[in-house]
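The values are calculated or read from the model by the stated rules, or taken from the named source; none is laboratory data. All values derive from a computational prediction rather than experimental measurement. Neighbour counts are summed over all protein chains in view; Cβ atoms, including those assigned to glycine, are modelled from backbone coordinates with ideal geometry.
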Amino acid sequence: MPIRISTALAASLMVAGLAGAAPAGAREAAGIRYADIPDGAYSIVAEVRAQPGKEAELRAASLPLIGLVRSDPQNLVYFLQEDRAAPGHFIFFEVFASQADFEAHNAKPYVKAWLARLPELAQGGVEVMRLEVLGKARH
């Protein structure tokens, strides 16, 4: 199945790639454990678009995921982003040490509950890119 990459998704990927290229001595953001990200880590960039008129509902359903996912010890990095030019267009950036850790994350009740709401809130579900983190971040 072909994967369509939008401009916003491509920009998100570029920012994510630049984040791994921080200069030596750069400070880590609170909660992001760059030193714990192994070579070959399992990364996800997912894109969800709200149905017209459902932007606020999808945002409200998605915002609680930030705290829940970031508190999961298997999650290494998690960002929920919204396109400033297209409210209701969300990009998720997630990093796990392995595919097994990601699959365990997807089995969590709060993820299943969020996914179950997508047919009423989102256009076409979730577009997912499954990526491999290249190189270990150095500082």
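As for region 105-127, it holds at least one residue that is β-branched (Val, Ile, Thr), out of contact with any Ser or Thr (no Cβ under 9 Å at 6 or more places or on another chain), assigned to a strand (DSSP E or B) and over 20 Å from ILE32 (Cα atoms).
The single condition from (1) modelled with pLDDT under 95; (2) closer than 23 Å to MET129 by Cβ that ALA26 fails is (2). The residues of region 42-79 that are within 14 Å of ILE32 (Cβ to Cβ) and in a strand (DSSP E or B), listed by number, are SER43, ASN75, LEU76, VAL77, TYR78, PHE79. Restricting LEU63, LEU68, LEU76 to those that are modelled with pLDDT under 95, within 14 Å of the chain's Cα centre (by Cα) and among the hydrophobic types (A, V, I, L, M, F, W, C) reduces the list to LEU76. Among the residues of region 47-105, those that are of a type outside the set (D, E, K, R), surrounded by 14 or more Cβ atoms within 10 Å (Cβ to Cβ) and free of Cβ contacts under 8 Å to residues at least 24 places away in the same chain comprise TYR78, PHE79, LEU80. Taking the conditions exactly as written (touching a residue at least 40 places away in the same chain (Cβ under 8 Å), surrounded by fewer than 17 Cβ atoms within 10 Å (Cβ to Cβ) and either touching a Pro at 6+ places or on another chain (Cβ under 9 Å) or of a type outside the set (Gly, Ala, Ser) (or both)), does VAL126 satisfy them or not? Considered against the rule, which asks whether it is touching a residue at least 40 places away in the same chain (Cβ under 8 Å), surrounded by fewer than 17 Cβ atoms within 10 Å (Cβ to Cβ) and either touching a Pro at 6+ places or on another chain (Cβ under 9 Å) or of a type outside the set (Gly, Ala, Ser) (or both), VAL126 comes out as yes. The conditions of being part of a strand (DSSP E or B) and either within 17 Å of ALA46 (Cα to Cα) or over 14 Å from the mean Cα position of the chain (by Cα) (or both) are met by PHE92. Restricted to region 59-88, and to residues there that are charged (D, E, K, R) and out of contact with any strand residue (DSSP E or B) (no Cβ under 8 Å at 6 or more places or on another chain), the residue that is farthest from GLN123 (Cα to Cα) is ASP72.
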